[in-house]
Number of protein chains: 2
Amino acid sequence: MNHMQMPPWTVETVATDLERAIHEHRLPPGTKLGEDELGEVYGISRTLVRAALQSLGHRRLVEHRRNRGAFVAQPTVREAREVFEARALLEPRTARSAAERSTPESMAILRAHIRDEHAALAAGEHGKALHLSGQFHIEIARMADQATIEAFISELVARSSLIIALYWQRRAAMCESHAHNALITAFENKDGTLAEDLMKQHLLDLVTSLDLRNITSMPGSLREALAR
Amino acid sequence: MNHMQMPPWTVETVATDLERAIHEHRLPPGTKLGEDELGEVYGISRTLVRAALQSLGHRRLVEHRRNRGAFVAQPTVREAREVFEARALLEPRTARSAAERSTPESMAILRAHIRDEHAALAAGEHGKALHLSGQFHIEIARMADQATIEAFISELVARSSLIIALYWQRRAAMCESHAHNALITAFENKDGTLAEDLMKQHLLDLVTSLDLRNITSMPGSLREALAR
DNA sequence: GGAGACGAGATTGTATACATAATTGTGCTT
DNA sequence: AAGCACAATTATGTATACAATCTCGTCTCC
């Protein structure tokens, strides 16, 4: 529709564009991603759209239903728990490693993320703020110089944004930036142990801010929508 | 060529078949995977072959070079280290969890893996033995009932088989089965702490059995093949 | 009037055709 | 004879055409 810069859309750029839209909750969980429709939006054929959707499917950001098409994924409560279990295994140790390797350049990048996040939040762009908040975690993995783990964390962060869209309970305010600020100070002091502990606590806080009682759960929104 | 059972080849079955061939070192790192060629082998069109190759590409089992095609991946020394770093983060804790949840059924599956692995080794089928050895690790993740982590470990195990193909130094014999047997006894006793320690040591042993000095490294096999 | 079956429309699954880039072989020039 | 340029071939990148399947509206029958 818009896309005013109109880059030469490739499979990768389309996948990235869609991922960002999902990450920013512009495409909520369950949204149908029709091939013809997307092809028209980006001005490419279904071939490339399918490749992009398959790519997102591998990252569990979209679910493919046979002969039904692609939909923005709707992680179950179980999957949500699994995602944060995996993050708990990967991220604290990665934060420790990142703290021990922190450089002025990487610190500047982190601080820029925080700044942009605050600006987005102030401008009411919650989606963008959430995206940047996720990028913060990915940047830490990049600081640790572990591309493989970074790829895993990137996937987990993206899925987390879907989980937040589904299970976030609004009473917990956006206190994330505090946790991120604390992490930054740990990085500044190259205090790996502190960074590891802070990250562990940060992830715990995130989980407890979700409503993961599997009562309504699966059908997505129907039961919840009709609850009265 | 053969494929005597000839299932109705789908994208998934072709990807699985290729992955197994790579895992068993029938397709060594660097092998060109031509689309027309594969299409003829499986009796399907390039469309499905491309989808399968893209799937393997996302798991880092094949590398895509623009306008050049797909090749069985050749992990660098750096990537090799990263893969085992990631495994060190994921697998010990997963083994602990698996031990605490071990059931007679899951133990039977594990023992069957060991038995088949020994049989394959006795029959000189090193590829099949290596494949089963990897499946053992994946089965543990399945026991832990963590599908997300299982998917990560599955990818890491597959990449490990490529790393072994490239960097294995033969002087270290196939002592793996001993480690796996020790793990089984820990599982039998539901000793999570022991299982975690054993897995940690097992992965360390694996890394030290590799030659990860980045001397010859990258070009793959050409330089090594012509070294004299 | 409601339940079930049938068929039209729409969407995905697969194959093929065309476009484009890389490789290789050939021949000319020096 | 060696080196470069160009053309033919081969393989991948992309689009389109056809086939199969599902959805949904309508019609019929009870």
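The values are calculated or read from the model by the stated rules, or taken from the named source; none is laboratory data. In this text, all values refer to a predicted model and were calculated from it rather than measured experimentally. Neighbour counts run over all protein chains shown; Cβ positions are idealised from the backbone, glycine included. We work out accessible area using only protein heavy atoms, side chains counted, and drop any ligands, DNA or RNA first. Shrake-Rupley method; radii C 1.70, N 1.55, O 1.52, S 1.80 Å.
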field: Unsatisfied cross-links (Cα-Cα over 28 Å) in the set A:Lys32/A:Lys200; A:Lys190/B:Lys190; A:Lys128/A:Lys200; B:Lys32/B:Lys200; B:Lys128/B:Lys200; A:Lys190/B:Lys200
entry: A:Lys32/A:Lys200; A:Lys190/B:Lys190; B:Lys32/B:Lys200
- request: For A:Arg46, go 7 angstrom from Cα along the Cα-to-Cβ vector, then report the distances to that same point in the other copies in nm, smallest first.
  value: 1.9
- request: Taking H placed 1.01 Å from N in the peptide plane, check which residues at least 5 places from A:Val62 or on another chain put their amide H under 5 Å from its amide H.
  value: A:Gly57, A:Ala73
message: Placing unit charges on C-beta atoms (Lys and Arg positive, Asp and Glu negative, everything else neutral), compute the dipole magnitude of the stretch A:1-123 about its Cα centre in debye, rounded to 20.
response: 400
Mean accessible surface per residue for chain B, computed with a 1.4 Å probe while every protein chain stays in place, in Å²: 51
Space enclosed by the convex hull of the alpha-carbon atoms of the stretch B:68-192, per residue, Å³: 121
message: Please give me the summed charge of the neighbours of A:Val11: other residues whose Cβ is under 14 Å from its Cβ, Lys and Arg +1, Asp and Glu -1.
response: +1
field: For B:Arg101, inter-copy label distances in nm, listed shortest first [label point 7 Å out on the Cα-Cβ vector]
entry: 3.1
- prompt: If you line up the Cα atoms of chain A on their principal axes, what length do they span on each, largest first, in Å?
  reply: 53, 48, 34
query: Taking amide H positions as placed 1.01 Å from N in the peptide plane, with prolines and chain starts having none, which residues 5 or more places from A:Leu33, or on another chain, fall under 5 Å of its amide H?
result: A:Ala70, A:Phe71, A:Val72
- request: Kindly express, to the nearest 10 degrees and within the range 0 to 90, the angle between helix A:176-188's C-alpha long axis and the longest C-alpha principal axis of chain A.
  value: 50
- request: Restricting things to alpha carbons, tell me how big the stretch B:117-187 is in terms of Rg and Dmax, in Å.
  value: 12.8, 36
- request: Place a +1 charge on the Cβ of each Lys and Arg in the protein assembly as shown and a -1 charge on the Cβ of each Asp and Glu, then give the dipole magnitude about the Cα centre in debye, rounded to the nearest 20.
  value: 360
query: What size of dipole, in debye to the nearest 20, comes out for chain B about its Cα centre when the only charges are +1 on Lys and Arg C-beta atoms and -1 on Asp and Glu C-beta atoms?
result: 780
statement: Expected response for nearest chain A Cβ to the A-B rotation axis, distance in whole Å, is A:His58, 2
Share of carbon and sulfur in the accessible heavy-atom surface of chain A [1.4 Å probe, %]: 52
query: For the pair B and A, how large is the buried accessible area, both sides, in square angstrom to the nearest 100, if the probe is 1.4 Å?
result: 2100
- prompt: Relative contact order of chain A: what whole-number percent is it, with Cα pairs under 8 angstrom and at least 6 residues apart?
  reply: 26
task: Can you pull a Stokes-Einstein diffusion coefficient for the stretch B:11-72 at 4 °C (1.567 mPa s), Rh from Kirkwood over Cα pairs, as a whole number of µm²/s?
output: 115
query: With N residues in the protein assembly as shown, what two-decimal value do you get for its Cα radius of gyration over 2.2 N^0.38 Å?
result: 1.02
query: On a 0 to 90 degree scale, rounded to 10, what angle separates helix B:11-23 from the longest Cα axis of chain B?
result: 70
statement: For the stretch B:28-104, the Kirkwood Rh over every pair of distinct alpha carbons, in Å, works out to 14.9
